[in-house]
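The values are calculated or read from the model by the stated rules, or taken from the named source; none is laboratory data. Please read these numbers as outputs of a predicted model, since none were measured by experiment. Glycine also receives a Cβ, built like all others from the backbone with ideal geometry; neighbour counts cover every protein chain displayed. The area values use the complete protein model at the heavy-atom level, side chains included, leaving out ligands, DNA and RNA. Shrake-Rupley method; radii C 1.70, N 1.55, O 1.52, S 1.80 Å.
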Amino acid sequence: RMERYSKAFHTLVSVLKESCWEITVTLLFAIVLFIFSSTMIYYLECGDYPCEYEDFDSIPKSMWWSVAVLTTVGYGDVVPHTTQGKAFAGVISFIGFAVFSIPVGILASGFVKVI
């Protein structure tokens, strides 16, 4: 409805419609990365042993860490303690930055095509 009254909104809707598939694929990749990183940090920090770090004593608790790292917020309230966990966290933070910057390029190229 707002599209009728604003040329800028019409342009935005056109870009989103045109790049819907690419944005969806990127979102699905981000979800898979989120689940993978949460599971991996759980196993790297706790493994098969009783977990001594309560921040990572379950995969759902590890998901908070994954959200903070993948979105590059990095609150610091949940951090890995083992060497393997710290190395994995570094790799995932770079990958998270790359994955969440992909939609910017997709939308920018969509605006170039539409305008």
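Remarks
- For the chain, Cys with no neighbouring Cys Cβ under 4.7 Å: C20
- The chain: relative contact order as a whole-number percent, Cα under 8 Å and 6+ apart: 33 percent
- The Cα-based radius of gyration and maximum Cα-Cα distance (Dmax) for the range 58-99 are 9.7, 27 Å.
- Around the Cα centre of the chain, unit charges on the Cβ atoms of Lys, Arg, Asp and Glu (plus for the first two, minus for the last two) sum to a dipole of about 900 debye.
- Kirkwood hydrodynamic radius computed over the chain comes to 16.0 Å, based on all pairs of distinct alpha carbons.
- Hits among lysines - C-alpha to C-alpha of K7 under 25 Å, sequence gap 8 or more where chains match: K17, K113
- Note on the chain: helix-only mean residue ellipticity at 222 nm, from DSSP H runs of 4+ residues weighted -39500 (n - 2.57) and normalised by residue number, equals -24500 deg cm²/dmol.
- Solvent accessible area, Å² - L44, 1.4 Å probe, full protein context: 50 Å²
- Per residue, the range 1-111 exposes 66 Å² of solvent-accessible protein surface, assessed with a 1.4 angstrom probe and all protein chains in place.
- Of all lysines in the structure, the ones whose alpha carbon falls short of 26 Å from that of K86, not counting any fewer than 8 places away in one chain, are K61.
- Axial C-alpha extent at least 15 Å, average Kyte-Doolittle at least 0.5 - helices from the chain (DSSP): 20-45, 59-70, 83-114
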